[in-house]
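Participant: Encoded as structure tokens, here's the structure I'll be asking about.
Derivation of every value follows stated rules applied to the coordinates shown; laboratory data play no part. Given the structure is predicted, the values throughout are model-derived calculations rather than measurements. Cβ coordinates were reconstructed from backbone atoms using ideal geometry, including for glycine residues, and neighbour counts include every protein chain displayed.
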Amino acid sequence: MRLDNVPEEAEGSRTQTSLCCRVLKSLLLCTGEIKQLDVYMEGKLFGLQLVVWGLRGVAGVILANNPLSGVLILASVFWTSPWQALLGTLGTLISTLTAIIMGQDRADVTRGEHGINGMLVALMMGAYSSAGDWYWWLLLPVCMGSVACVFFHSGLSSFLDGCGVPASVFPFNIVTVLYLLCTGPNNPYYPHYRVAPPWETEPNGTGLAAVEVTHGIILGVGQIYTCGDLGPSLLILGAVLLYSPLLTFHALLGSAIGTLAGLSVAVHHDFLYTGLSGFNGALGCMVIGGLNFTFSWKTHLYAVATAFLSAYVDIALSNLLGTIGLPALSWAATLTSTLMLLQNGNLAKYRVPADQVMSPEHNLQSWSQREAKNASESVNAVV
């Protein structure tokens with residue numbers, strides 16, 4: 001090797017390393033909440049700001065406050081059904097605009113809090129409608145339901161904020177149940193499928209397919225957006241991964257726990273294969289596992305317990321509400337995680353205030369910094 005080539009090779013290696021570092025920094029800028037985007041959007045056109053808030057609402061359904069995650073999730077819903085994507089977009093925008101007109105807290109609006117419930121109501125109305133896709137009359141209840149969600153959110157927040165817990169998706173669950181009760185399965189304008197309780201289905205007649213069960217764990221995450229296909233569900237997982245790897249881990253863990261809970265009480269195999277037995281467990285595990293509590297081995301076990309409890313409550317509510325033709329929706333995860341957030345004791349010190357909730361990694365970093373600061377102050381006080 002000629003010695004005069006060594007500086008050139010070293011320079012090329014440094015250039016390549018510098019390029020990799022720049023690419024890595026660019027990718028890291030797209031993770032978490034992307035707070036720098038909010039700073040950039042200040043003073044921009046209202047329409048552009050509304051798009052960002054709406055995308056945060058789309059991603060907020062799965063607890064990922066990231067507009068780029070919202071883009072990926074909206075693409076996955078469009079992949080499953082363009083009609084569902086249209087309904088979800090409309091619901092998100094209507095609820096966000098209603099919150100602005102009503103003068104709701106700006107921080108909640110910019111975080112997409114109100115868009116979450118509007119998105120879910122629209123998706124569920126479309127999923128349970130038996131009129132088929134592109135039934136334009138359905139846009140009316142979608143708009144009305146999205147507006148109603150803001151009223152329920154405002155009223156519930158004034159009560160629940162005093163307890164230190166968020167209104168979460170209580171409005172979505174309430175509005176969807178009211179809509180299905182008001183219309184009924186045979187409504188001439190807004191017909192919907194009748195939901196049968198799990199115990200009415202035929203008993204399991206074949207052996208369990210391990211591959212299908214594994215797919216069901218992934219589909220349990222996709223079912224949060226009514227996506228029952230593997231490809232869109234993987235894209236949704238990718239969107240959550242962009243926001244937080246730790247949250248993605250808890251999503252899959254919670255869905256697996258929900259599937260295990262379903263197996264333990266012999267639910268019909270279709271519920272396992274389609275992910276319906278796993279999505280409440282996924283939601284419950286994500287809420288506790290690093291999002292509303294700082295991640296530690298204690299809160300991790302707490303998240304596992306929440307996932308099991310959410311899954312069993314979902315099975316019970318499915319049997320109960322199915323007798324009157326209603327779905328269990330996400331009542332199980334919502335009620336269980338709210339109950340867990342009200343717990344006190346040793347775990348209370350790990351609780352993240354509702355207005356300070358960020359990605360699990362950021363919460364963990366903030367916790368470590370606070371602990372280091374408190375330790376330093378204690379040492380100084382002793383000295």
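Participant: For Cα pairs less than 8 Å apart in space and 6+ apart in sequence, what is the mean separation divided by the residue count of the stretch 194-375, i.e. the relative contact order in percent? All intermediate terms of the calculation are to be shown ahead of the outcome.
Facilitator: Values: 300 pairs, mean separation 45.0, N = 182.
RCO, the stretch 194-375: 25 percent.
Participant: Just to confirm my numbers, what's the Cα centroid distance between the stretch 210-231 and the stretch 103-133 in Å?
Facilitator: 22
Participant: Taking Rg and Dmax of the Cα atoms in Å straight from the coordinates, which label in (1) 21.2, 62; (2) 23.3, 72; (3) 22.7, 86 is the correct one?
Facilitator: (3)
Participant: What does the extension gain come out to for ALA305 and ASP133, with contour length at 0.36 nm per residue minus their alpha carbon separation? Intermediate results must be reported in sequence, preceding the final value.
Facilitator: On the way: separation 172, 0.36 × 172 = 61.92 nm, distance 3.88 nm.
Here the answer is 58.0 nm.
Participant: Give the range of the longest stretch in the chain that excludes all chymotrypsin sites (Phe, Trp or Tyr not before Pro) found in loop regions by DSSP and having at most 15 other beta-carbon atoms within 10 Å. Walk me through the numbers on the way to the answer.
Facilitator: Numbers: sites that count: TRP134, TYR135, TYR189, TYR193.
Here the longest segment lacking exposed loop sites spans 194-383.
Participant: Could I have the simple spin-label model distance between LYS35 and MET144, label points 7 Å from Cα toward Cβ, reported in nm to one decimal?
Facilitator: 4.3
Participant: Normalised by the residues of the chain, what does the relative contact order come to in percent, with Cα pairs under 8 Å and at least six apart? Display every interim value, and only then the final one.
Facilitator: Working: 608 pairs, mean separation 58.5, N = 383.
Over the chain, the number comes to 15 percent.
Participant: Please compute the modelled spin-label separation between PHE151 and ALA209, points set 7 Å along Cα→Cβ, answer in nm with one decimal.
Facilitator: Using points 7 Å along Cα→Cβ, the separation is 4.6 nm.
Participant: Just add up the charged neighbours of SER359: K/R +1, D/E -1, any other residue whose Cβ is under 12 Å from the Cβ of SER359. Intermediate values should be presented prior to the final figure.
Facilitator: Numbers: positive: LYS35; negative: GLU33, GLU361.
Once all neighbours under 12 Å are counted, the net charge is -1.
Participant: As a test of the formula, what do you get for the chain when each DSSP H run with n ≥ 4 contributes -39,500 (n - 2.57) and the sum is divided by the residue count, at 222 nm and rounded to the nearest 500 deg cm²/dmol? Each step should come with its number before you reach the end.
Facilitator: On the way: 17 runs with 257 residues, N = 383.
That comes out to -22000 deg cm²/dmol.
Participant: With a Förster radius of 30 Å, plug the Cβ-Cβ distance of SER296 and ASP355 into 1/(1 + (r/R0)^6) and report the FRET value to the nearest 0.05.
Facilitator: Working: r = 21 Å, r/R0 = 0.72.
So the FRET efficiency works out to roughly 0.90.
Participant: Just subtract the alpha-carbon distance of ARG194 and LEU342 from 0.36 nm times their residue separation and send over the number in nm, one decimal. Before the final figure, lay out the partial values.
Facilitator: On the way: separation 148, 0.36 × 148 = 53.28 nm, distance 3.47 nm.
Gain on extension, ARG194 to LEU342, equals 49.8 nm.
Participant: Using a Förster distance of 45 angstrom, determine the FRET efficiency expected from the C-beta separation of GLN49 and LEU263, and round it to 0.05.
Facilitator: On the way: r = 46 Å, r/R0 = 1.03.
Efficiency at R0 = 45 Å is approximately 0.45.
Participant: Counting only trypsin sites (Lys or Arg not before Pro) that are in a DSSP loop and have at most 15 other C-beta atoms within 10 Å, tell me the longest site-free stretch of the chain.
Facilitator: Numbers: sites that count: ARG2, LYS44, ARG194.
The segment 195-383 is the longest one with no such site.
Participant: Right, something else. Just how many pairs of Lys in the chain have C-alpha atoms closer than 29 Å, counting pairs that are eight or more places apart or on different chains?
Facilitator: Count of close lysine pairs: 9.
Participant: A further question on this structure: Taking K and R as +1 and D and E as -1, what net charge do the other residues with C-beta under 13 Å from the C-beta of CYS149 add up to?
Facilitator: Working: positive: none; negative: ASP108, GLU113.
Once all neighbours under 13 Å are counted, the net charge is -2.
Participant: In a shell of Cβ-Cβ distance under 14 Å around GLY278, excluding GLY278 itself, what net charge do Lys and Arg (+1) and Asp and Glu (-1) give? Can you show the working numbers first?
Facilitator: Values: positive: none; negative: GLU212, ASP270, ASP314.
Net charge around GLY278: -3.
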